[in-house]
Amino acid sequence: MNDNFVAKKVKNLAPSGIRAFFELVLGMDDVISLGVGEPDFITPWRIRETGIFSLEQGLTSYTSNKGLYKLRLQISKFLSRKFGLDYCADQEILITVGVSEALDLAVRAILNQGEEIIIPQPCYVSYGPVVELAGGVPIFVPTTEENGFKINPKQLESACTKKTKGLLLNYPCNPTGVSYTKKELEAINRVCKKHNLVVISDEIYGDLTYNHPHIPYPMLKGAKEYTIYLNGFSKAYAMTGWRIGYACGPENIISAMTKIHQYTMLCASIISQIAACEALHSGKRDVARMKQEYNLRKNFIFSSFNELGLKCIEPHGAFYVFPSIEQTGLSSLEFANRLLAEHKVAVVPGVAFGQDYDNYVRVSYATNYSQLKEAIKRIKIFMRDILKRNRFEYNKK
Amino acid sequence: MDQILEIMENDSRITVEEIAKLTKQDSKAIKRKITKYEKDGIILGYKTVINKELVQDEEKKVRALIEVNILPQKNLGFDYIAARIYKFEEVTNCYLVSGTYDLLLIVEGKDMQTISNFIAEKLSPMENVRGTVTHFLLKKYKEYGIILKHKEDDKRIAISY
């Protein structure tokens, strides 16, 4: 094989250290997985049925590059009704293939070679690579458990350089479930304004918050002019496989993103877009039902983990907790490997979300209650064994 | 509806401690509430949902929906007539409905013959019953919000970001 066939830029992307662990999980039967990053609910039937109906009607064509006007209009009305946000359906909204594509487009649309994007860690795995592929430089700012896994204005300020182009925020956050209050966001926003940053705000979990009012970034004073707001249908409506996301932002940026989108993706699937229309039209109750279920599970998982000595911050949203495994003395990969091998429970090693998080694992509670209960039972035995072994080894020394 | 009731409606075997964890409430308070619900007749009992389609036994029962037309009489409301009917143990459900008939019954018996006998001997001869239409149940697809099928496997990939 000719080594020059693959572009340097791609070769240089850091390989995922936990790929082998993922393969292990996928190759094993009867695993209770707390490692899944998508809802355990199936898309509500009303929405699925609309997808089927659109196929029956023969709606199988391309749509306009920006996406079905009907869907953009519905999104515009939804945001206006829910948050009082005013986005023009024609010029300020773009339908994408999931938020993943929207993020890629946003980054490519704003970055010149060598410009920097500030990314608070722990963060979703694609953020760094997407920025690198766009010719930018990801500047990771690790947050700590003591600070609630939130970036504060000081950290942001000191990460800013002449080359800083933007800030990539994600709240509620995958993997921590942590979100920001309005006050905290305002403090961050003052720094963004001062340094003239573009804010890319990934709010895919925004509809799934528990006793925590979600404040979309563009609602902050003046922020709409430099914010690219990203959201989609995957998490709240349990529509991950349909791949529908959207970006809202200033006309010039959305138009730049549309340019890339039209040459690379052309448009999102029409069937999925029609289903998304139905989701906005009638999905409110389903979202509320799922959210209520997640909330119950969150309460259960949060208190269970803390009881087991795996301390975690109570999440504000999404469906993850990020417990510390420090007292086990294991690395996150060792912890995950052993939990899998000895008790057939899968979690995602924290190191996947940033080098500094080898003392943590990500636990998803997008799994039904009886499975969660069984998982907690097994983790309890696992923890007892580990701590016993640790004590034994300590005494030996 | 109280969240406790919602949880118990889905899982009657759940323990008080578990409900406490799920709802972040004090378990003593929950216990008190449940006792009150039982006393007030809000919680009437604890049952198990069984997919009888899959149970192999000789006692498999036949069910029928029966529409009952009633002749209203002075001083005797529907309640009085309904009570005379729902007290038969064959009647598992009894509803007063709007439309072309008045009462909708669900009747259970060990075979079609038993149900026919019940209708012919008990129900139809009643003074206030003007007529009945019987629908025997052939197959159950969904009951009380539960689709009667084997649980489907999780179709997601087992681990993802």
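The values are calculated or read from the model by the stated rules, or taken from the named source; none is laboratory data. For clarity, every value in this text was computed on a predicted model and none was experimentally measured. Cβ placement follows ideal geometry from the backbone for every residue including glycine, while neighbour counts extend to all protein chains displayed.
Identify all residues within the range A:103-117 that are assigned to a helix (DSSP H, G or I) and not acidic (Asp, Glu); write none if there are none.
The initial filter retains those residues of the range A:103-117 that are assigned to a helix (DSSP H, G or I), namely A:103-110.
Hits for the range A:103-117 are A:Leu103, A:Leu105, A:Ala106, A:Val107, A:Arg108, A:Ala109, A:Ile110.
Just wondering, is there one or more residues in the range A:336-352 that are part of a helix (DSSP H, G or I), within 13 Å of chain B (Cβ to nearest Cβ), at negative phi and basic (Lys, Arg)? Don't jump to the end; show me each part of the working.
Quick first cut of the range A:336-352, residues part of a helix (DSSP H, G or I) only: A:336-343, A:350-352.
In the following step, the residues that additionally are within 13 Å of chain B (Cβ to nearest Cβ) were identified as A:336-337, A:339-340, A:350-352.
Still in the running and at negative phi: A:336-337, A:339-340, A:350-352.
With the extra rule that they be basic (Lys, Arg), the set shrinks to none.
Checked the range A:336-352: no residue is part of a helix (DSSP H, G or I), within 13 Å of chain B (Cβ to nearest Cβ), at negative phi and basic (Lys, Arg).
So A:Ile32 clears everything in (1) assigned by TED's automatic domain parsing to the domain that holds A:Gly241; (2) surrounded by 14 or more Cβ atoms within 10 Å (Cβ to Cβ) except one condition, right? Which one?
Looking at each condition in turn, A:Ile32 falls short on (1).
Quick check on A:Ala223: is it closer than 30 Å to A:Val36 by Cβ, among the small types (Gly, Ala, Ser), modelled with pLDDT of 95 or more and over 15 Å from the mean Cα position of the chain (by Cα)?
Values: closer than 30 Å to A:Val36 by Cβ: no; among the small types (Gly, Ala, Ser): yes; modelled with pLDDT of 95 or more: yes; over 15 Å from the mean Cα position of the chain (by Cα): yes.
When the stated conditions are applied, A:Ala223 does not pass them.
Within the set of pairs 6+ apart or on separate chains, which have a first residue in the range A:313-327 that is within 13 Å of A:Tyr294 (Cα to Cα), a second that is of a type outside the set (A, V, I, L, M, F, W, C) and in a strand (DSSP E or B), and C-beta atoms under 7 Å apart?
A:His316/A:Thr209; A:Gly317/A:Thr209; A:Phe319/A:Ser364; A:Tyr320/A:Arg362; A:Tyr320/A:Ser364
Given the structure, is A:Arg391 basic (Lys, Arg) and touching a Lys or Arg at 6+ places or on another chain (Cβ under 8 Å)? Break it down stepwise before answering.
Numbers: basic (Lys, Arg): yes; touching a Lys or Arg at 6+ places or on another chain (Cβ under 8 Å): no.
It is false that A:Arg391 is basic (Lys, Arg) and touching a Lys or Arg at 6+ places or on another chain (Cβ under 8 Å).
Tell me whether the range A:298-320 contains one or more residues that are charged (D, E, K, R) and more than 14 Å from every other protein chain (Cβ to nearest Cβ). Break it down stepwise before answering.
Narrowing the range A:298-320 to residues charged (D, E, K, R): A:298, A:307, A:311, A:314.
Cutting the leftovers down to more than 14 Å from every other protein chain (Cβ to nearest Cβ) gives us A:311.
Within the range A:298-320 (the criterion being charged (D, E, K, R) and more than 14 Å from every other protein chain (Cβ to nearest Cβ)), the answer is yes, since at least one residue qualifies.
Can you pull out the residues in the range A:39-73 that are within 14 Å of chain B (Cβ to nearest Cβ), surrounded by 15 or more Cβ atoms within 10 Å (Cβ to Cβ) and either assigned to a helix (DSSP H, G or I) or free of Cβ contacts under 8 Å to residues at least 24 places away in the same chain (or both)?
Listed by number, the list holds a single entry, A:Arg48.
Could you tell me which of the residues B:Val62, B:Val68 is at pLDDT 95 or above and β-branched (Val, Ile, Thr)? If you could, list the steps in order and put the result at the bottom.
Numbers: B:Val62 fails: at pLDDT 95 or above.
Only one candidate passes the filter, namely B:Val68.
Any residue at all in the range A:304-318 that is of a type in the set (Phe, Trp, Tyr), surrounded by 24 or more Cβ atoms within 10 Å (Cβ to Cβ), at pLDDT 95 or above and closer than 21 Å to A:Phe353 by Cα? Explain how you work it out, then say what you get.
As a first pass, look at the range A:304-318 and keep what is of a type in the set (Phe, Trp, Tyr): A:305.
Next, only the ones that are surrounded by 24 or more Cβ atoms within 10 Å (Cβ to Cβ) stay: none.
The answer is no, given that none of the residues of the range A:304-318 is of a type in the set (Phe, Trp, Tyr), surrounded by 24 or more Cβ atoms within 10 Å (Cβ to Cβ), at pLDDT 95 or above and closer than 21 Å to A:Phe353 by Cα.
One line per residue, one yes/no per condition, for (1) touching a residue at least 60 places away in the same chain (Cβ under 8 Å); (2) farther than 17 Å from A:Pro216 by Cβ; (3) not assigned by TED's automatic domain parsing to the domain that holds A:Glu225:
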{"residue": "A:Ile75", "(1), (2), (3)": "yes, no, no"}
{"residue": "A:Phe83", "(1), (2), (3)": "yes, no, no"}
{"residue": "A:Leu94", "(1), (2), (3)": "yes, no, no"}
{"residue": "A:Val99", "(1), (2), (3)": "yes, no, no"}
{"residue": "A:Asp104", "(1), (2), (3)": "no, yes, no"}
{"residue": "A:Gly128", "(1), (2), (3)": "yes, yes, no"}
{"residue": "A:Leu133", "(1), (2), (3)": "yes, yes, no"}
{"residue": "A:Gly136", "(1), (2), (3)": "no, yes, no"}
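If you go through the range A:152-182, how many residues are surrounded by 18 or more Cβ atoms within 10 Å (Cβ to Cβ), at negative phi and not in a strand (DSSP E or B)?
Adding up the residues that qualify gives 13.
Filter the range A:4-22 for residues that are without any contact (Cβ under 8 Å) to a residue 40 or more places away in the chain, outside any loop (DSSP other than H, G, I, E, B) and either touching a strand residue (DSSP E or B) at 6+ places or on another chain (Cβ under 8 Å) or within 30 Å of A:Ala341 (Cβ to Cβ) (or both) and give the result.
Step one: filter the range A:4-22 for residues without any contact (Cβ under 8 Å) to a residue 40 or more places away in the chain, giving A:4-8, A:11, A:15, A:19-20, A:22.
Next, from what is left, pick out any that are outside any loop (DSSP other than H, G, I, E, B): A:4-5, A:8, A:11, A:19-20, A:22.
A:Arg19, A:Ala20, A:Phe22, listed by residue number.
With respect to the numbered conditions (1) away from every other protein chain (no Cβ under 14 Å); (2) part of a helix (DSSP H, G or I); (3) surrounded by 12 or more Cβ atoms within 10 Å (Cβ to Cβ), which one is the sole condition not fulfilled by A:Cys88?
The number of the failed condition is (2).
If I go through the range A:303-312 residue by residue, how many of them are in contact with a Lys or Arg (Cβ under 9 Å, 6 or more places away or on another chain) and in contact (Cβ under 8 Å) with a residue 12 or more places away in the chain? Lay out the reasoning, then the answer.
Within the range A:303-312, the first condition is being in contact with a Lys or Arg (Cβ under 9 Å, 6 or more places away or on another chain), and the residues that meet it are A:303-305, A:307-308.
Subsequent filtering for residues that are in contact (Cβ under 8 Å) with a residue 12 or more places away in the chain retains A:304-305, A:308.
Going through the range A:303-312 one residue at a time, the tally reaches 3.
Just checking, how many residues over the range A:353-374 are closer than 12 Å to A:Gly35 by Cβ and part of a strand (DSSP E or B)?
Number satisfying all stated conditions: 4.
Per-residue answers, yes or no, for (1) in contact with a Ser or Thr (Cβ under 7 Å, 6 or more places away or on another chain); (2) assigned by TED's automatic domain parsing to the domain that holds A:Ala276; (3) in contact (Cβ under 8 Å) with a residue 24 or more places away in the chain; (4) closer than 27 Å to A:Glu314 by Cβ:
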position	(1), (2), (3), (4)
A:His212	yes, yes, yes, yes
A:Phe233	no, yes, yes, yes
A:Arg243	yes, yes, yes, no
A:Tyr246	yes, yes, yes, no
A:Tyr263	no, yes, no, no
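If A:Thr144 satisfies all but one of (1) within 14 Å of chain B (Cβ to nearest Cβ); (2) hydroxyl-bearing (Ser, Thr, Tyr); (3) without any contact (Cβ under 8 Å) to a residue 40 or more places away in the chain, what's the number of the condition it fails?
(1)
Taking the options A:Tyr365, A:Tyr294, name whichever one is at pLDDT 95 or above, of a type in the set (Ser, Thr, Tyr) and closer than 30 Å to A:Pro15 by Cα.
Numbers: A:Tyr294 fails: closer than 30 Å to A:Pro15 by Cα.
Going through A:Tyr365, A:Tyr294 in turn, just one is at pLDDT 95 or above, of a type in the set (Ser, Thr, Tyr) and closer than 30 Å to A:Pro15 by Cα: A:Tyr365.
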